[in-house]
Each structure stands twice: as structure tokens, then as C-alpha cells.
1. Which loop chymotrypsin sites (Phe, Trp or Tyr not before Pro) in segment 219-315, with loop taken from DSSP, have no more than 10 other Cβ atoms within 10 angstrom of their Cβ?
2. I'd like the trypsin sites (Lys or Arg not before Pro) in segment 338-397 restricted to DSSP loop residues with at most 12 other Cβ atoms within 10 Å, sorted by number.
3. How would you classify segment 356-407 from its alpha-carbon gyration tensor, with a ≥ b ≥ c the square roots of the eigenvalues: rounded for a/c under 1.5, else prolate if a/b is greater than b/c, otherwise oblate?
4. Among K90/K185; K90/K430; K185/K384; K42/K96; K144/K314; K238/K291, which pairs are too far apart, with a Cα-Cα distance over 27 Å?
5. Just to check I understand the Karplus step: with θ = phi - 60° and J = 6.51 cos²θ - 1.76 cosθ + 1.60, what whole-Hz values come out for segment 116-128, glycine and proline as x?
6. Determine the shape class of segment 332-434: with a ≥ b ≥ c the square roots of the Cα gyration tensor eigenvalues, call it rounded for a/c under 1.5, and otherwise prolate if a/b is greater than b/c, oblate otherwise.
7. Report, as a whole number in µm² per second, the diffusion coefficient that Stokes-Einstein gives for the chain at 37 °C and 0.692 mPa s using the Kirkwood radius over alpha carbon pairs.
8. Helix 399-408 against the longest principal axis of the chain: what's the angle in degrees, Cα atoms only, rounded to the nearest 10?
Amino acid sequence: MEKQLKYSTNSMQTSKREGFSTSLGVMAATLGSAVGLGNIWKFPYITGENGGAAFLFVYLICVSIVGLTVMISEFIIGRRGNAAAVGAFKNLTPGKPWYLTGVAGVISCSLIMFYYTTVAGWVFAYVFKSLGADLATKDPNVIKQVFADFTGSIWAPLFWQWVVLITVGIIILAGVKKGIERMTKTLLPILFVLLIISDIRALTLPGASAGLKFIFEPDFSKITGVTVLAALGLSFFKLSVGMGTMTTYGSYMGKNENLPATAARVMVSDTLVSIMAGIAIFPAVFAFGFKPDAGPSLLFMTIPMVFNSMPFGKVFLALFFMLSSIAAIGAMISLLEVPVAYLTEERKWSRTAATVASALTIALVGSTATLSNGILSDFHLFGKTMFDLFDFTSSNILLPLVGIALTIYVGWVLGPRAVYNEATNEGALKNRPLVRFFLFIVRYLAPPAIFVILLNGLGLFS
Ligand code: TRP
């Protein structure tokens, strides 16, 4: 709403900035960003690869301590800086190189979009495939083959990647209120209903209990340095933090929003969605004799098997992929908004030019990620396919680096006074002890913790 012009440096510009209109809109947009393929695709397959419940346990610790801290930090930077990822740092600390943190964010969001749109394209395509004859089989080998043939081909997956980009581009073009806020407010409730239906179905499968054991009965011997790194990386990815997204969204929030509470609500809801997705998937994996560690293809092979074994399976299968498409759209909106906001605010491009240029770049570079599952599968850079390279560089390297920079920035550069004012809405909120706890974590715990995990991820301890 009416954003106060707290900062005279760019008051002309800030008075015209568009923002979210209501608290509900804020919640929908941020939760819409957090909930995505991360919950329905990444979370289940990474949990599956890392031993189930033990991983979930480590994940819960990472997300509720480190992930949440970084999210609050980003909200604070964005709203106090009153500009998107790069501009916020420039407003708060003019003439200092901190804005490079925002630049790193713009780069990582683009890297994520390169491969995220590939997977989102598969999901879109599967909405239609599930209604056709291809997947209407109970033979796991046929289902595997359908997936391999589709993702390994050239034009079909590229076409779907473009459909994805056009859809998201149109929403971004419509603007912050009419595009982002309105779409996420409509889509999220539909997503919840579809998820509940899927859970009920999975829980009533014969043999569901083995899958529930897998995600809820931890075997702590499975926890290693690698598990912790994977959990931390996933918690950042899940909450859309460490990349400037939440900084940008923070800058669209009115001065009456309770930042720590919003962050906590988003964190809890997002984690619930992940667990619900796990409940929809793992009982089925075990019931049908699949292995939980199938990796990235888990969603595309096991879910069709689940729904094919029930009445009206086709319809439910299409619904499940629709749910995934909806989740993916909300997340991609927030990813695309970061480069678009950067180009419009910092480079003074029009919103249309910024959106079209970003989408075209993603389509072009992202096609290498899409094709790395087919004709480019033998093309490796630094020992990785393009798809894996985009994922690894953004999630395992840039994300922890930006995370460290953000927490040091909030804890030590902005400092306690500014953090206190921003997190309590200039003293209006009665959350003093909470803010004190946040300050402790953001100053002393988060930076070294993220640093150790970065070193561990680079293999320095082994
Ligand atoms: N959180 C989203 C998911 O789980 C992905 C996402 C959206 C994201 N915006 C982001 C990840 C920004 C990192 C940074 O699918």
C-alpha cells in the first residue's frame, strides 16, 4: 500500500513503486514462491536418495533455523532498502560493493530458471500425457520408457519449455498486483485441495505403511556431512532464499506487515506441503516395489503407477500433474521477477522489454539444459551435463555464498538497531525477545554454519 518514503535518496522512484496490496496477497505471493517443484519433485527425490526420515529430521532443523533466518534477513533488506535485489543494497549502503550480493542473486535466479523451466515443461506435458494412452499401463518398464523417450527427444520438451515461459511471462507482464498477487491467490487453494486428494489416495493403498516408515522413522546412522549439505541446500531452495527473490518480494511489502511472522508462516506452510507431497509419493513407491532413490525421475515414473491402480486413475493423474504445474508457476513467477525487477529498476527498461528479454534468454540458454537429457547428454562442462551444472552452481555454490553475505550484512553491517526497527515495525510490534533471538542467530550462528557447509560441499573435509 502506501509505502513510506523513508529514504530520500530515491524518493521519486519509490513513490511510484508497485507493491502487494494486502497481507493475504503478501502471504500468497511468498508462499506461492516457496511452494514449487522443490516440494513435489526435489524434496521427495532428495529425501529418497538420502535415507528418508533421518534426512527429513536434519532438514527440519536446517529450514527452521538457518532457512528462516535468511528469509527474515532478505525481507528486512528488501523492505528497508525499498528496492529489488540489487537496488536495496545500493540504497542502504551507497558506494559499497554489497550490491554485488544482489547481482549474484540475479545470476542464480537465471541459472535456476534455465533448468527449472525444463522440468516444469515435463510436468505441463504430463498433464496431457496422463489423459492419453501412453501412460495408461501398469507396466513400470513402459512408464520408464515413455519418460525416457519424451525427455530424450528434441522438439517436444523444448516446445513445453516455451509454453512454460510464455505462461509465466504473461503473468509477470501483468504486474505485481494484477499478475503475481492475483494468480498466486487463485492457484494456492486449488493446489491444497489437489494435494489432500492425492494424500488420501496414497494412504489408502495396500502396503502404504512401509512408505510412511521410510519418511517418519529415522535411522540416524544415515546422517553424514553430505546429508547435512543436501538438507541445507534444499532448505534454501525450498524457501526461495539466498538468491534475491525474497529481497525483491520484501520490497513489495507494506510497512505494516509483520516480517518475522510472515516468514515463519511461510516456512511452516511450505514444510507441510513438502511432507504432504512425501506422503503422496513414498507409500506408493513402496507399495509398487519401486526404489525410493530413483533420483529426479521419481515423480514421472512412480506417480503414474500410483494413479493407474485406481478407479478414474487418469483423471487423478492429470490432476496431480496439474497441481505440480500450479506449484511450478508460482515459483517461476518469483524467479523471473528478479531479473525483470533488476532490469526495470536499475537499467530503466520497460517491464515489457525486461520480461521479453529475460524469457528469451532463458529459452535460449535453458534449451541446453533440456537437451542434455537427449542429444546433449554426452556434452559435459566441469564433469557435469548442462542441466546438472546449472543446478549445482546455483544451489551448491552461489546459494551458500549469498547466504553468508546476506546474514553478515544484516547482522553486522545494517546492525542491531536497524534490524530491530525493521523487524518490529519501528517498535509497534511486541516481538522483542524473538527479534533478539533472530539477531543472535543471524550474527553468530548462521554465517559460520553456512560457511562450514560450503567447505564441506567443496570436499575440503574428506
Ligand atoms: N522455492 C521454489 C521451489 O521450491 C523454487 C524457487 C523459487 C527458488 N524462487 C526461488 C529457489 C528463488 C531459490 C531462489 O520450487
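1. Values: sites: F220, F236, F237, Y249, Y252, F286, F288, F290, F300, F307, F312; in loops: Y252, F288, F290, F312.
Filter output for segment 219-315: F312.
2. R347, K348
3. oblate
4. Among K90/K185; K90/K430; K185/K384; K42/K96; K144/K314; K238/K291, the Cα-Cα distance tops 27 Å for K90/K185; K90/K430; K185/K384; K42/K96.
5. For segment 116-128, the Karplus-derived couplings read 5, 5, 4, 5, 4, x, 4, 5, 4, 4, 5, 4, 7 Hz, x marking Gly and Pro.
6. The shape class here is oblate.
7. On the way: Rh = 22.2 Å.
D = 148 µm²/s.
8. Its long axis makes an angle of about 30 degrees.
We did not get these values from a lab; they are worked out from the coordinates using the rules stated. Remember, predicted model here, so these are calculated numbers, not experimental data. Because the Cβ atoms are built from the backbone with ideal geometry, glycine has one as well, and the counts that use them run over all protein chains shown.
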